[in-house]
1. So, in the range 19-35, exactly how many residues are assigned to a helix (DSSP H, G or I) and either surrounded by 10 or more Cβ atoms within 10 Å (Cβ to Cβ) or of a type in the set (Lys, Arg) (or both)?
2. Can you pull out every residue in the range 63-114 that is surrounded by 14 or more Cβ atoms within 10 Å (Cβ to Cβ), hydroxyl-bearing (Ser, Thr, Tyr) and more than 19 Å from the chain's Cα centre (by Cα)?
3. Which of the residues spanning the range 58-77 are free of Cβ contacts under 8 Å to residues at least 12 places away in the same chain, assigned to a helix (DSSP H, G or I) and either over 18 Å from residue 109 (Cα atoms) or in contact with a Leu (Cβ under 6 Å, 6 or more places away or on another chain) (or both)?
4. Restricting attention to the range 87-94, does a residue exist that is modelled with pLDDT of 85 or more and of a type in the set (Ser, Thr, Tyr)?
Amino acid sequence: MAIQDIIEIDGFSVLIKEFKKQVSDLIMDDSLRCSLIGRIDQLKRESIARAIQKLVSNCLPGDIESLKIIKDAYNIRSTVLHDGSTDADLREKSNQVEEVIRKVFESLISPHSS
């Protein structure tokens, strides 16, 4: 299981369970049924990128710049991982991400200070 598949999406578990039951009842071929049920299980998982963006949005509401920094950082991560190339401003962007993380932690630790 990839790390991107770890976070469960709220509210989808019941729908997914019902859909899996329907597939189990309708599909007779064991191989196809198991394959489809495996894919259906993936529907209730949320990507790490989406979960991080949701965390930043919830902790820093209205902070569009912090959200942009996090999205850019995740895009850089994907480019490094899939293409092997890095961003020329990696150090500066890393510093920006550290600042966003600090603000998120501050929001989580003392939610009434801003």
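1. To start, the set of residues in the range 19-35 that are assigned to a helix (DSSP H, G or I) comprises 19-26, 30-35.
The next check asks that each one be either surrounded by 10 or more Cβ atoms within 10 Å (Cβ to Cβ) or of a type in the set (Lys, Arg) (or both); those that pass are 19-24, 32-35.
Adding up the residues that qualify gives 10.
2. 107
3. 64, 65, 68, 75, 77
4. Yes, the conditions are met somewhere in the range 87-94.
The values are calculated or read from the model by the stated rules, or taken from the named source; none is laboratory data. All values reported here derive from a predicted model rather than from experimental measurement. Here the Cβ is made from the backbone with ideal geometry for all residues, glycine too, and neighbour counts use every protein chain on show.
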